[in-house]
Amino acid sequence: MKGQQSISDVVFERLESDILCGKYQTGDYISENKLATEFGVSRTPVREAVKRLEQEGLIEYANSKAIRVLGITEADVQDVYEIRLSIEGDAFIKASQNMSQEDFLDLEKIIDLQEFYSQKKDAEMVKDADTKFHTKIYEFAKSTVYQTILSQLHNKIQQFRKISQSLGDRSRLSVNEHRAILSAMKAKNFELLEELVKIHVKNARDNILKIKGE
């Protein structure tokens, strides 16, 4: 348990992760009793966690005993990417202004790792490398607001990002897009950088929406 986290906080984070990573699928039914047994806690922290997840729109009470998983809808995906398109380019520009040569080398190593796992067709590790790349950018931007918002949005669609990376050429194209973005960051070509980030985000969005539409 981290810091002063309550049991309810821990249950919330684990259950949210289970929903977002696809352990629980849209339409699945679960019960408070089952969750309490699974997490080894009483029903009270489970009920508190469920209430928070209900407010996030990830689940709903089907009746007094059953909880139905709502998950992430196509409209949610659209909203996530609309927000990212609006602010992520600015976050990348801020990051490039703050980064040292060593920081750029760190990002290059992450892209190399992403490419390695892409060639191995390991979608889980590709997704993790992609997350690490974006998380580092958000940290380098040195904006708590950007870091919080963008990290949460990236996490919210993790299940679809993993599936997206496993299909077709998206994994390889994502690596190429990251390399082009990093090159523009090093050159401090902010106009090109913003355009490349938008292309990257749009391509990721279109691929995920294609998956959801199938």
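Some observations on this one:
- Filter result (under 14 Å from K156 (Cα atoms), among the acidic types (D, E) and outside any loop (DSSP other than H, G, I, E, B)) within the range 9-66: E13, E16, D18
Every residue, every condition in (1) assigned by TED's automatic domain parsing to the domain that holds Y24; (2) more than 26 Å from E56 (Cα to Cα); (3) without any contact (Cβ under 8 Å) to a residue 40 or more places away in the chain; (4) not hydroxyl-bearing (S, T, Y), yes or no:
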{"site": "E102", "(1), (2), (3), (4)": "no, yes, yes, yes"}
{"site": "Q114", "(1), (2), (3), (4)": "no, yes, no, yes"}
{"site": "A123", "(1), (2), (3), (4)": "no, yes, no, yes"}
{"site": "S143", "(1), (2), (3), (4)": "no, no, no, no"}
{"site": "T148", "(1), (2), (3), (4)": "no, no, yes, no"}
{"site": "E177", "(1), (2), (3), (4)": "no, yes, yes, yes"}
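- Of all positions in the range 187-205, none carries a residue that is of a type in the set (A, V, I, L, M, F, W, C), outside any helix (DSSP H, G or I) and either more than 24 Å from Y117 (Cα to Cα) or in the same structural domain as R84 (by TED's automatic domain parsing) (or both).
- Scanning the range 114-127 for residues that are surrounded by fewer than 16 Cβ atoms within 10 Å (Cβ to Cβ) and more than 16 Å from R179 (Cβ to Cβ) yields K120, K121, E124.
- Candidates I30, I59: the one that is in contact (Cβ under 8 Å) with a residue 12 or more places away in the chain, farther than 30 Å from S171 by Cα, outside the structural domain of V197 (by TED's automatic domain parsing) and touching a Phe, Trp or Tyr at 6+ places or on another chain (Cβ under 7 Å) is I30.
- Residue, surrounded by the fewest Cβ atoms within 10 Å (Cβ to Cβ), within the range 72-113, restricted to residues that are among the aromatic types (F, W, Y) and modelled with pLDDT of 95 or more: F104
Table: residues versus (1) touching a helix residue (DSSP H, G or I) at 6+ places or on another chain (Cβ under 8 Å); (2) loosely packed, with under 13 Cβ neighbours inside 10 Å; (3) outside the structural domain of I157 (by TED's automatic domain parsing).
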{"position": "V11", "(1), (2), (3)": "yes, no, yes"}
{"position": "R14", "(1), (2), (3)": "yes, no, yes"}
{"position": "D18", "(1), (2), (3)": "no, no, yes"}
{"position": "G22", "(1), (2), (3)": "yes, no, yes"}
{"position": "T26", "(1), (2), (3)": "no, no, yes"}
{"position": "F39", "(1), (2), (3)": "yes, no, yes"}
{"position": "P45", "(1), (2), (3)": "yes, no, yes"}
{"position": "S64", "(1), (2), (3)": "no, yes, yes"}
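- The set of residues in the range 168-182 being at pLDDT 95 or above and of a type in the set (D, E, K, R) consists of E177, R179.
The values are calculated or read from the model by the stated rules, or taken from the named source; none is laboratory data. Here the structure is a predicted model, which is why all the values come from computation and not from measurement. Ideal geometry is used to build each Cβ from the backbone, glycine not excepted, and the neighbour counts take in all protein chains shown.
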